[in-house]
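Notes follow the structure.
No lab work stands behind these numbers, since they all come straight from the coordinates. The model shown is predicted, which means the values in this text are computed figures rather than measured ones. All Cβ positions, even for glycine, are placed from backbone atoms using ideal geometry, and neighbour counts span all protein chains on display.
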Amino acid sequence: MEWETVIGLEVHAQLATRSKIFSGAATAYGAEPNSQACLVDLGYPGVLPVLNEGVVKMAVAFGLATDSTIAPRSVFARKNYFYPDLPKGYQISQYELPIVHDGRIELQFEGGVRKTIGITRAHLEEDAGKSLHEDFQGQSGIDLNRAGTPLLEIVSEPDLRSAREAVAYMKAIHQLVRYLGICDGNMQEGSFRCDANVSVRPVGRHKFGTRAEIKNLNSFRFVERAILFEVERQIDILESGGSVVQETRLYDPDRDETRPMRSKEEANDYRYFPDPDLLPLDIDAALVAEVRAGLPELPWRKRDRFIDEYGLSEYDAVVLSTSRAVADYFESVAAGLDDKKLAANWVMGDLAGALNKAGLDIVDSPLGPSTLLGLLRRIEDQTISGKIAKEVFEAMWSGEGDADAVIESRGLRQIKDTGSVEAVIREVIAANPQQLEQYRSGKDKLFGFFVGQVMKATGGKANPALVNELLKKLLAG
Amino acid sequence: MHGRTLAGIARALRAREFSSEELVSHLLARIERLDGELNSFVTVTGEAAVAAARAADRQLAGGSAPPLAGVPIAHKDIFCTAGVKTTCGSRMLDNFISPYDATVVERLRDAGVIMLGKTNMDEFAMGSSNETSYYGPVRNPWDLTRVPGGSSGGSAAAVAARLVPAATGTDTGGSIRQPAALAGITGIKPTYGRVSRYGMIAFASSLDQAGVLTQTAEDAALLLKAMSGHDPRDSTSVNAPVPDYAAGLGESLEGLKIGVVEEFMDQGLDADNAAAIEAALKVFEALGATVQRISLPNIGLSVPTYYVVAPAECSSNLSRFDGVRFGYRAKAPRDLEDLYKRSRGEGFGAEVKRRIMTGTYVLSAGYYDAYYLKAQRSRQLIAADFRRAFETVDVIVGPTSPTPAFELGAKVDDPVTMYLNDIYTIGVNLAGLPGLSAPCGFINGLPVGLQIVGRAFDEGRILNVAHRYQQETDWHARAPGGAFA
């Protein structure tokens, strides 16, 4: 039987505020356990939550960027359950009335294939703390630094049909929240993670199959692996006559498999009800307009503009609009050049390679856009060749100064005068009579040999076009 | 000294008739001597009070004293007080020393008020007789075999017995007004949002409101002014100016339109109690007010509505008491579940458990719509009834409690009968309105209260109505005799 996979993702994006969603405690990652938890985060008797207004603007920005409806009134609700890392015994979230709903995002695949994925809702909530089960013999430690950290939970429609689509969706959301500056996207630190609802059904059937929810996937690879495993598992069950159980499962990356969580944790009745400590969240048109005015250019708009304005290929445009920092870098370089493709190639090629090797983000690049531009200008004005430019780039990277300084000190200026190049060519021809004879008797392939010899003799500095032109003439005799 | 009103004390301290230290020492001695029987205090902060009194005396001598400098009061043990045990009347918090002050505590201290101690209360403010306290019942100084009402029973008894001129309280369904009535004193519950709830241990967040228990409306006006106002730490506190309540006292009642709720007067109100209310209405008429009957058609839904909404909220609010970070923790738990079950099972008393279970039930899947949602709707109906009534009248006057103080143990085993004690007060909380109880007579030597309810944020008016009444009558000036004289 042919099976169709149906996936919906719930992405949890930690909002990039300095303080928590309902208290003034800091949200910085990696502090000493429990050093960033105030009385509100600790759920002390008598304390009350006060909404951090920054998170509201961030959620609205996300809603606007995904063509969603911004709810004029949304309501915070309590999700009640007992767990040691949940100090109040309830999590403040949004339930019946989320701040953002009914949106969409377009995914882009190779070959120009596009697909729109529905966003059911995005709601604000606080994160719980962390239970530490190691290092405490027979007991558990609780770190409440994370308790009260603001999250935007983004729920997709079950529109995704493969692990590949799921990953593409997660990447698109990841890119978007970073563009908007509302989430740092750091997956190792748990700032961006997701749960996947996965089911399968026979192709052609309308009704959804029974789904399993796979919790806490914190890398693109895990999302893909977990879904692939889960789909196969469910198909195996169905094809051998069994039925899929609706349950919560965990992905174990070491064994590359999903396993059911203890069923007890699912038996929770969360008893949601509106939080009486917080007023309904009213959002007026003025706030929406303010946020809209401050929205950056969104990745897909940038991509399209790069194609139109700079004549880039779709592939290049996609890569260069991956993040705002890369796009901004590219645009500052491209602005100073006639050949935009040259800028694209260098940013995506040598620069990206060097940054990757050094483990650096583009914002921390030792070579800023104007420095790279200085180098590329020298290619464009033919002071150096593209090949020599690579040497100059490496020298610049290791701190030898800007392009002109390196070209000067290393004597890399391109040889462009006909006389000098012609003299070298004559020497090369004289030194290789055998090859000359073969060439003249029809072995055209040897042209490349002569080019190589000329370049070798000039230390790569000869202008390639000039070399080609003169060599053709002189070899012809 | 102990017979004086709070306003009288403030005046005497300024006139240097006696010092704050003398007064505080005198009251501490009374508490020492009389409270063994009354049990109105859980904690007495004598040393700190004397030190604060000395500081106040220096301020008073220096002429730079805040308005209530050196005036002693007590705080209901539901308000967090930094460095002082804050029990909420529960074993769960018997070991809890709050690391911070409630906004109410902070503001009153800023106004110069001195805390003598923390008063006994029904556990987590759940009760109408002060019999659910882990620290034992409080007795009514008018008759030691009877209850003082609840949940602010300790505050009411202490003020009635003149152990302290005033005390703070909280009112979720009548917990200030009912004990004020049963103890023969004045008590006001302001509009929801008037006073910050920050640092007040939550029972039912959408209903809880702090207020005061005093001898007179004037005293209440002075304290309410000091404790009210917007607090950025409480999102439900309202950002509206606080009038100078005391300055508005004494205004004429000429033309005041008083509404009397026929549903309250007609149904099962004790004849003597009704007579006391009628007599009070005569006083108002003599002062130029007009009295008309009004109807609150849905007011009969108050008690069932309340006993869905309040337990629902409390079941969630009290989840934080899990033995993990503070409060009672069961000995040697086997595992997490055992820690939870025994800490909560041993830390909470029966009434608290009953309400947590009720609340958990009404919020659970499959029952939410039938109970919680329906209760929210009837709450809207009740609020709408009051709004409609206040289109034609300025204040609503009637009984505070169906009976005077009852005997200890009389209703403790019958929760439903106990819950009906709040039949006249609960609707006011559901509608979020300000309500006040003032003494209006005695039945068999036991005080009876008159409830005055106003429009939202119209505390000034109900205080003035009570004040004018107290200028014409002396019920409020009567105090228990015997040992308490």
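Key figures for this structure:
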{"read-out": "Taking B:S175, B:S90, B:S295 and counting other C-beta atoms within 10 Å, the order from fewest to most", "value": "B:S295, B:S90, B:S175"}
{"read-out": "For region A:315-414: relative contact order, % (alpha-carbon pairs under 8 angstrom, 6 or more apart)", "value": "23"}
{"read-out": "Whichever lysines have a C-alpha closer than 20 Å to that of B:K282, once near sequence neighbours (fewer than 8 apart) are set aside", "value": "B:K257"}
{"read-out": "Percentage relative contact order, region B:300-377, counting C-alpha pairs under 8 Å, at least six apart", "value": "44"}
{"read-out": "Sites excluded, trypsin sites (Lys or Arg not before Pro) in DSSP loops with at most 11 other C-beta within 10 Å, longest stretch of chain B", "value": "B:17-330"}
{"read-out": "Chain A: translational diffusion in µm²/s, Stokes-Einstein, Kirkwood Rh over Cα pairs, 4 °C, 1.567 mPa s", "value": "49"}
{"read-out": "Cβ-derived FRET efficiency at R0 41 Å, B:R377 paired with B:A82, nearest 0.05", "value": "0.50"}
{"read-out": "Candidates per GluC sites (Glu not before Pro) in region A:89-151, loop by DSSP, up to 14 other Cβ within 10 Å", "value": "A:E96, A:E134"}
{"read-out": "For region B:300-377, diffusion coefficient by Stokes-Einstein and Kirkwood Rh (Cα), 37 °C, 0.692 mPa s, µm²/s", "value": "244"}
{"read-out": "Efficiency of FRET between B:F18 and B:E47 - r from beta-carbon atoms, R0 22 angstrom, step 0.05", "value": "0.65"}
{"read-out": "Where only C-alpha atoms are counted, convex hull volume of region B:6-255 per residue in Å³", "value": "128"}
{"read-out": "Rough spin-label spacing in nm, given labels placed 7 Å along Cα→Cβ, for A:S420 and A:R114", "value": "5.1"}
{"read-out": "Percent RCO, i.e. relative contact order, over chain A, from Cα pairs under 8 Å lying at least 6 residues apart", "value": "14"}
{"read-out": "Separation in nanometres of the label points that stand 7 Å from Cα toward Cβ, at A:S313 and A:N186", "value": "3.6"}
{"read-out": "Note, ³J(HN,Hα) from phi for region A:467-472, Karplus 6.51, -1.76, 1.60, rounded to Hz, x at Gly and Pro", "value": "4, 4, 4, 5, 5, 4"}
{"read-out": "Binned Cα-Cα distances of chain B, short to long, each 10 Å bin given as a whole percent", "value": "4, 22, 33, 27, 11, 3, 0, 0"}
{"read-out": "Most positive-pole-ward Cα, B:P447, A:V50, B:V393, against dipole of the protein assembly as shown from beta carbon charges", "value": "A:V50"}
{"read-out": "Set of lysines with alpha-carbon distance to A:K443 below 22 Å, sequence-local pairs under 8 removed", "value": "A:K456, A:K472, A:K473"}
{"read-out": "Per-residue ³J(HN,Hα) for region A:46-58, Karplus 6.51 cos²θ - 1.76 cosθ + 1.60, θ = phi - 60°, Hz, x for Gly and Pro", "value": "x, 7, 9, x, 10, 5, 6, 5, x, 5, 5, 4, 5"}
{"read-out": "Point-charge dipole on Cβ atoms (K/R +1, D/E -1) for the protein assembly as shown, about Cα centre, debye to 20", "value": "560"}
{"read-out": "Residues whose placed amide H lies under 5 Å from that of A:Q414, excluding near-sequence neighbours", "value": "A:I384"}
{"read-out": "Crossing angle, helix A:324-335 versus chain A [Cα axis fit, 0-90 degrees, rounded to tens]", "value": "30"}
{"read-out": "Ranked list, fewest to most other Cβ atoms within 10 Å of each Cβ, for B:H26, A:H174, A:H206, B:H476", "value": "A:H206, B:H26, A:H174, B:H476"}
{"read-out": "Debye intensity ratio in log₁₀ form over the Cα atoms of region A:418-476, taken at each q of 0.20, 0.21, 0.30 Å⁻¹", "value": "-0.64, -0.71, -1.42"}
{"read-out": "Cα centre as origin, Lys/Arg/Asp/Glu Cβ charges: region B:436-485 dipole, Debye", "value": "40"}
{"read-out": "In Hz, Karplus ³J(HN,Hα) per residue of region A:184-198 (6.51, -1.76, 1.60; θ = phi - 60°; x = Gly, Pro)", "value": "7, x, 6, 7, 5, 7, x, 6, 8, 8, 8, 10, 10, 9, 10"}
{"read-out": "Amide H within-cut-off set for B:V42, under 5 Å, with H built and near neighbours excluded", "value": "B:K118, B:T119, B:N120"}
{"read-out": "Positive-end extreme of charge dipole, the protein assembly as shown - chosen from B:G117, B:P99, A:V113 (charges on Cβ)", "value": "A:V113"}
{"read-out": "Positive-end extreme of charge dipole, region A:52-95 - chosen from A:L64, A:I92, A:F82 (charges on Cβ)", "value": "A:F82"}
{"read-out": "Nonlocal amide H pairs with A:R249, under 5 Å, H built at 1.01 Å", "value": "A:E213, A:I214, A:K215, A:M261"}
{"read-out": "Extension gain from A:S398 to A:L250, taking 0.36 nm per residue of separation minus the Cα-Cα distance", "value": "48.7 nm"}
{"read-out": "Label-point separation, A:Y81 to A:D381 (7 Å along Cα→Cβ), nm", "value": "6.6"}
{"read-out": "Listed pairs A:K115/A:K340; A:K387/A:K416; A:K79/A:K207; A:K130/B:K341 exceeding 24 Å between Cα atoms", "value": "A:K115/A:K340; A:K79/A:K207"}
{"read-out": "Longest site-free stretch - chain A; sites: trypsin sites (Lys or Arg not before Pro), DSSP loop, at most 11 other Cβ within 10 Å", "value": "A:19-204"}
{"read-out": "Rg over Rh, two decimals, region A:318-376 (C-alpha only, Kirkwood Rh)", "value": "0.92"}
{"read-out": "Charge context of B:A202, other residues only, Cβ under 10 angstrom, K/R +1, D/E -1", "value": "-1"}
{"read-out": "Least to most buried among A:T418, A:T258 (fewest other Cβ within 10 Å first)", "value": "A:T418, A:T258"}
{"read-out": "Only Lys, Arg (+1) and Asp, Glu (-1) charged, at Cβ; region B:300-377 dipole about Cα centre in debye", "value": "160"}
{"read-out": "Net charge contributed by nearby residues that have their C-beta within less than 10 Å of B:P404 (K/R +1, D/E -1)", "value": "-2"}
